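Asks: Right, I'll just put the structure down here and ask away after.
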Amino acid sequence: MRARFPALVLLAGWSAQAQEGAPVELHADRARVRSDLEVLTGHAPIDADGRIVSRSSMHPDHARARAWIAASLRSTRGMKVSEETLEYGENLANVVADLPGSDPSLPMLIVGAHYDSCAYDTPGWQPRRDPAPGADDDASGTAAVLEIARMLAGRGGGYARGVRLALFDAEEEGLVGSREHARRLRAAGVQISVALVLDPVGYNAGGGNLLFATYDAAFEPRARALETDAAALDTPIRLEAVDEAAFGGDGRADHASFAAEGYAALHLAAFPQPPQYHTQQDDLGIVDVDYVAAVASLVASHVAARAGAHASAPSQARGGCTSAADPWAVIALLLVARRGRSRRRLVCAVLLAACRPSLPVPEQARVACGGDAECPAGFLCVASRRLCVEASGACVVRSGATA
Ligand SMILES: [Zn+2]
């Protein structure tokens, strides 16, 4: 905290620390995750024609899977959904869903997975004909992204940053969909805060709930931010941020497409991979639905916090006084008022302290931050709450008003 902050701001910051914890805690619906996994792996009907056999980009059912994913996202409130046709190959397209932010000048967050599947390690597998359920790789990531979309949108949006949910095509054929997506973003001059790629997040070896967040050294702060949020949340997931140099480079997933364009990207993956990897035995039986749901909850909570979400959207929308007067702020204001020897100032001070927690604040103040450099001009980061506040202290956000 800077010395030029008024004493009131300092005191408000102190008291906020007592309430600090998980900034935004979102919880996945396990039943919805399971239901989506069943549809994506051909264990439940996907459309009027019944179940799919494969999501391989070469299989006829691939288009049905894409149509179902797009429809699922379109039914999620507030999402702007499009299918991004790819130049490479036939009938390839990413599905992209945007939750617009209130400040388009802020770099957006991307959460992605690939929806295609393969079974290249099953001898004689014919991609145009044979089954490839790809339950762990990457129906798990796809189902997680669909649930993350519902969790984020279910809060009524209200994020400062835009959030993009992306389901990439033809990852198994060489990161085809994500390469083109990242290249188009770069060509259009779009700024990205970070791209989080979930691939795969279904096989929970030994029930250890381990999740690796691998990063290129340049993007280590993004991995540490995720680690910080994971530690603050009530989650069974044991997140380990790992420098991908330890793997001798980790270019095997869609995050590499973003890194290649100079965008910060993290690869979130269950570890170790299952023995059924890239075979027809990668089916629903090897996926731990609770683990998928827990990963989805963790990522959604992290994204909501970093996108600048409201912790209590209803009271934020209402405005006016709440009963949650900040005792430290009241004491500070009383001291200020006494020094002025003015009864009117005293009354005003008490009223201000009582009402302030739910006063509307500028959108910029809702930007999550890890340091001053991440806040807009004229704003400073209050590290205890990871929120940007006006440098003048005029619109300090109390704990509980936003997250
Ligand atoms: Zn994969």
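Asks: Within the range 233-276, work out how many residues are part of a helix (DSSP H, G or I) and either at pLDDT 90 or above or touching a Gly at 6+ places or on another chain (Cβ under 6 Å) (or both). Break it down stepwise before answering.
Replies: Quick first cut of the range 233-276, residues part of a helix (DSSP H, G or I) only: 244-247, 255-260.
Then drop every residue that is not either at pLDDT 90 or above or touching a Gly at 6+ places or on another chain (Cβ under 6 Å) (or both), which leaves 255-260.
Residues flagged as part of a helix (DSSP H, G or I) and either at pLDDT 90 or above or touching a Gly at 6+ places or on another chain (Cβ under 6 Å) (or both) within the range 233-276 amount to 6.
Asks: Conditions first: (1) within 16 Å of the ligand (Cβ to nearest atom); (2) more than 18 Å from Asp288 (Cβ to Cβ); (3) not in a helix (DSSP H, G or I). Tyr159 passes all but one, so which condition is the exception?
Replies: For Tyr159, the exception is condition (1).
Asks: Could you identify the single residue in Arg161, Arg186 that is crowded, with 24+ Cβ neighbours inside 10 Å, more than 26 Å from His62 (Cα to Cα) and touching a residue at least 12 places away in the same chain (Cβ under 8 Å)?
Replies: Numbers: Arg186 fails: crowded, with 24+ Cβ neighbours inside 10 Å.
Of the residues listed, the single one that is crowded, with 24+ Cβ neighbours inside 10 Å, more than 26 Å from His62 (Cα to Cα) and touching a residue at least 12 places away in the same chain (Cβ under 8 Å) is Arg161.
Asks: Taking into account only those residues within the range 163-217 that are under 18 Å from the mean Cα position of the chain (by Cα) and of a type in the set (D, E, K, R), which is farthest from the ligand (Cβ to nearest atom)?
Replies: Arg164
Asks: Follow-up. Looking for whichever is in contact with a Phe, Trp or Tyr (Cβ under 9 Å, 6 or more places away or on another chain), part of a helix (DSSP H, G or I) and either in the same structural domain as Leu37 (by TED's automatic domain parsing) or not charged (D, E, K, R) (or both) here; the options are Ala143, Ala230, Ala182. Which one fits?
Replies: The match here is Ala182.
Asks: While we're on this one: Looking for something of a type in the set (D, E, K, R) and more than 16 Å from the ligand (Cβ to nearest atom) - is there at least one such residue anywhere in the range 104-123?
Replies: no
Asks: Are any of the residues in the range 219-234 within 16 Å of the ligand (Cβ to nearest atom) and either free of Cβ contacts under 8 Å to residues at least 24 places away in the same chain or surrounded by 18 or more Cβ atoms within 10 Å (Cβ to Cβ) (or both)?
Replies: no
Asks: Within the range 132-156, restricting attention to residues that are of a type outside the set (A, V, I, L, M) and closer than 24 Å to Asp103 by Cβ, which residue is farthest from the ligand (Cβ to nearest atom)?
Replies: Gly156
Asks: Under 8 Å by Cβ, and 6 or more places apart or on different chains, what pairs join a residue from the range 56-82 that is under 23 Å from Thr122 (Cα atoms) and modelled with pLDDT of 95 or more with one that is part of a strand (DSSP E or B) and not aromatic (Phe, Trp, Tyr)?
Replies: Hits for this filter: Ser56/Ala132; His59/Ala132; Asp61/Ser54; His62/Ser54.
The values are calculated or read from the model by the stated rules, or taken from the named source; none is laboratory data. Note that the coordinates shown come from a computational prediction; the quantities given were computed from them, not determined experimentally. Virtual Cβ from ideal backbone geometry, glycine too; neighbours counted across all protein chains shown.
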